[in-house]
Amino acid sequence: MVEWCLPQDIDLEGVEFKSMASGSHKIQSDFIYFRKGPFFGLACFANMPVESELERGARMKSVGILSPSYTLLYRYMHFLENQVRHQLETPGHYSHLAAFYEDKKGVLHAGPGRGGSLPPVYWLPSIHRYMYPEMKFFGEQILILWKFALLRKRILIFSPPPVGVVCYRVYCCCCLANVSLPGIGGTIPESKPFFYVNVADIESLEVEVSYVACTTEKIFEEKRELYDVYVDNQNVRTHHDHLQPLLKINSADREKYRRLNEQRQMLLYSQEVEEDYNPCEEDLFVLFFLEQNNRIFQTLLEVSASQDKTLTAEHARGMGLDPQGDRSFLMDLLEAYGIDVMLVIDNPCCP
């Protein structure tokens, strides 16, 4: 139940299920990003043992905030962590929360798009130490997720609690689809981070054509109509036959992954040698995929503007793609973004 909120007239239906993930009773603390209508939320959860039969030996609370944008929510993480501990130890004292609301309520304004769109993002300074471990978590599979993200597929990541780190994986996936070229993406839905979802979100997910989300509820796996891609641990899979070819790692994918790791090693070395110059791993991760995406779309736009509009194996290699292994991906990409070129890469046939 929601025991207190400001302002009191805001629609918070279902927010109690978003701010406390299913299975949280098994852990001591967590944080959780979620979406509520046009707003994004961040809540900090804590679980404290108490000698009370009424509370069945445990007191669990979440303290959260809603904002039109998710990009600044991290700034209030420390405050929320302190407040949830305060609410567990001295329940019913809301003066700090009321003062926080009065102080911050005018800071964020809901502009066009309500903060949901993703330009090249530099999101959370506080998560740099998380970003690369999350990318490493996926290993080479990050290249498979990259293709699905670029095609704006509905991606659902399953994990048991804690869910905070999985919310970062959602953000990682959205970063994979960044493109900064003008004129790209007008015909395709934006890459939407829904962060944590549960069964209360099923109705709203049914109408979404593109999203990235995470859940702790295994029941979602059976609801195939809600997602295109399901990620469980490091296993990426899809139930759509036409997307099966995208699950195969090819030679161009391995080369990209090798380059990404190579750049990371150089970054780590430069951080050791030049202490003043300190770019972070998140920047490297975001820029690597941004440059990759820009190179692909730059080539596709040039070919579509040419006289014969023919996309060859040479073009594919120039874009960092495998002419054969990425043929299906390229065809889907052209269709999704409405780019008018003719693909003349032959499919190898078997004798």
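Specify the residue that is least open to solvent (accessible area, probe 1.4 Å); the eligible residues are those in the range 136-191 that are basic (Lys, Arg) and over 24 Å from residue 45 (Cβ atoms).
Per the criteria, the residue is 147.
Every residue in the range 28-74 that is farther than 28 Å from residue 174 by Cα, open to solvent by less than 50 Å² (accessible area, probe 1.4 Å) and at pLDDT below 90, please.
Across the range 28-74, the qualifying residues are 48, 50, 52, 57, 58, 59.
Tally up the residues in the range 192-215 that are open to solvent by 20 Å² or more (accessible area, probe 1.4 Å) and either in a helix (DSSP H, G or I) or of a type in the set (Lys, Arg) (or both), please.
So the answer is 6.
From (1) part of a helix (DSSP H, G or I); (2) touching a Gly at 6+ places or on another chain (Cβ under 9 Å), pick out the condition that doesn't hold for residue 249.
(1)
Output the residues belonging to the range 1-24 that are among the aromatic types (Phe, Trp, Tyr) and not in a helix (DSSP H, G or I).
Hit for the range 1-24 is 4, nothing else.
Pairs, please: C-beta under 7 Å, at least 6 apart or cross-chain, first residue under 15 Å from residue 295 (Cα atoms) and in contact (Cβ under 8 Å) with a residue 60 or more places away in the chain and in the range 320-332, second open to solvent by 30 Å² or more (accessible area, probe 1.4 Å) and not basic (Lys, Arg)?
322/251
Within the range 285-305, can one find any residue that is among the charged types (D, E, K, R), within 21 Å of the chain's Cα centre (by Cα) and surrounded by fewer than 15 Cβ atoms within 10 Å (Cβ to Cβ)?
yes
The values are calculated or read from the model by the stated rules, or taken from the named source; none is laboratory data. Predicted model only: the values in this text are computed from it and were never measured. Cβ sites come from the backbone with ideal geometry, for glycine too, and all protein chains shown count toward neighbours. Keep in mind that these areas ignore ligands, DNA and RNA; they rest on the heavy atoms of the full protein, side chains included. Shrake-Rupley method; radii C 1.70, N 1.55, O 1.52, S 1.80 Å.
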